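Take a look at the structure set out below.
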Amino acid sequence: MAENLDKPHPTKPIVTPWHVQGNIDYDRLIKEFGTEKIDDKLLQRIKKITGGGELHYMLRRKIFFSHKYLNEALTAYETGEKIYLYTGRAPSGPVHLGHLVPWIFTKWLQDQFKAPLLFQIPDEEKVFFKKGLTFDESKKWAYDNILDIIALGFDPKKTKIFLDTEYAKTMYKTACKVAGKVTFSTAKSVFGFKNSDNLGAIFYTCMQSVPAFLPTEFEGKPTQCIIPHAIDQDPHFRVTRDVAPQLGYPKPCSVHCRFLPGLQGMHAEGKMSASIESTAVYTCDDEKTVKNKINKYAFSGGKATIEEHRRDGGNPDIDVSYQWLVFFEEDDAKLKKIYDDYKSGALLTGELKQILIDKLNTFLVKHREKREKVKDQVEKFMVRD
Ligand code: TRP
């Protein structure tokens, strides 16, 4: 069934692969993007298939909230077929906490399904979309970002990482097959291209489709692929799903996550942005920097004075420190206590910020240690032509 590729993009708030802005209504996005909610029935199914243990907290908390064709992929897995995972990262700067969200979940999926993972590093993407970025710079960031990826603990025997410019021989033919099926009119309506956009930007989506089809190429038979990604990337995969049957490939499955809000809140600047320092915490920010950024910038749901806060309580639902704990504090009971205490006024804004600072610094100190340790592991993961 063809999806409606000609639906116009919403004007406000904005969610496209290159721009996310405003207060996002995720239920509305599901309708606009034509995806499906990950409902409780589906969660139960995932739970059963993954052995009945606790679901990943990102599923429990609906951080991964939407999908397309997940039931098909799960059925393939249940019937003993090999399934693949695929995700990616376009390098143009350092990795921040928002980038880690889908990768942490992908690592869980790899552990659960014992599935091979294709990790695309499209080192041409930002060269086409970001003024002034050179191939040398994007390659430098690629190999920097790969350390953050490997540090999360992916299985070297089951994970292939590749730069598009270094794996082009394997990828190009499939990219061209996709390109042959996508008209300029479709590209314009899906991505909003204008006449002034460069040809590389227009072609790029074909490259992002390729790893969804490589499982079938590698296995020599139709092979399912699950792609965990933030919802803004779905336009690419809408195109991928649309061309798949025409090229004899199964439609890939997407599972979509929400955005980690920027430090100043979704309303101020949308998702965390790698290029606006005051919105993001980078994995390389030292302990003092993390503390200062959160104390200075994290949007607070607290009251103006301590007296008022103690009396009326804070609002965790708009408080960025609390929202970040939803993404990074795995313990449900701890999280609930923080929510209740902040709401009742027992927990002050400064104390809530300190809980977040401690949580992040504990994680980041360990992450940086692992990042150092994996420096000599990179070649175990890389594939090149
Ligand atoms: N376009 C993504 C970015 O801007 C990179 C990417 C390539 C990707 N393939 C992917 C992201 C698959 C998620 C899933 O970073």
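Here are the numbers:
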{"item": "Hey, residue 371 over 30 Å from residue 172 (Cα atoms) and open to solvent by less than 80 Å² (accessible area, probe 1.4 Å) or not", "result": "yes"}
{"item": "Residue 171, sole failed condition from (1) open to solvent by less than 10 Å² (accessible area, probe 1.4 Å); (2) under 23 Å from residue 99 (Cα atoms)", "result": "(2)"}
{"item": "Residue 161 vs. criteria part of a helix (DSSP H, G or I) and either of a type outside the set (Phe, Trp, Tyr) or more than 11 Å from the ligand (Cβ to nearest atom) (or both)", "result": "no"}
{"item": "Pair list, Cβ < 7 Å and 6+ apart or interchain, from the range 149-166 residues that are under 11 Å from residue 115 (Cα atoms) to residues that are open to solvent by 30 Å² or more (accessible area, probe 1.4 Å) and assigned to a helix (DSSP H, G or I)", "result": "154/107"}
{"item": "Residue in the range 43-52 that is touching a residue at least 40 places away in the same chain (Cβ under 8 Å) and closer than 30 Å to residue 372 by Cβ present", "result": "no"}
{"item": "Test set (1) of a type outside the set (Ser, Thr, Tyr); (2) open to solvent by 60 Å² or more (accessible area, probe 1.4 Å); (3) over 30 Å from residue 93 (Cα atoms) - residue 314 fails condition number", "result": "(2)"}
{"item": "Test for residue 83: is it at pLDDT 95 or above and β-branched (Val, Ile, Thr)", "result": "yes"}
{"item": "Given (1) open to solvent by 30 Å² or more (accessible area, probe 1.4 Å); (2) aliphatic (A, V, I, L, M); (3) in contact with a helix residue (DSSP H, G or I) (Cβ under 8 Å, 6 or more places away or on another chain), index of the condition residue 333 fails", "result": "(3)"}
{"item": "Residue list for the range 46-94, restricted to those being more than 25 Å from residue 236 (Cβ to Cβ) and open to solvent by 60 Å² or more (accessible area, probe 1.4 Å)", "result": "47, 48, 51, 54, 60, 78, 79, 80"}
{"item": "Flag for residue 323 being open to solvent by 60 Å² or more (accessible area, probe 1.4 Å), in a helix (DSSP H, G or I) and polar (S, T, N, Q)", "result": "no"}
{"item": "All positions within the range 178-189 that are open to solvent by less than 80 Å² (accessible area, probe 1.4 Å) and either touching a residue at least 12 places away in the same chain (Cβ under 8 Å) or aromatic (Phe, Trp, Tyr) (or both)", "result": "178, 179, 182, 186, 187, 189"}
{"item": "Flag if residue 121 is aliphatic (A, V, I, L, M), in contact (Cβ under 8 Å) with a residue 12 or more places away in the chain and either in contact with a Gly (Cβ under 8 Å, 6 or more places away or on another chain) or open to solvent by 20 Å² or more (accessible area, probe 1.4 Å) (or both)", "result": "yes"}
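The values are calculated or read from the model by the stated rules, or taken from the named source; none is laboratory data. On a predicted model such as this, the values are computed, not experimentally measured, just so you know. Every residue, glycine as well, gets a Cβ built from its backbone with ideal geometry; the counts of neighbours run over all protein chains shown. Remember, those area values only see protein heavy atoms, side chains included, never the ligands or the DNA or RNA. Shrake-Rupley method; radii C 1.70, N 1.55, O 1.52, S 1.80 Å.
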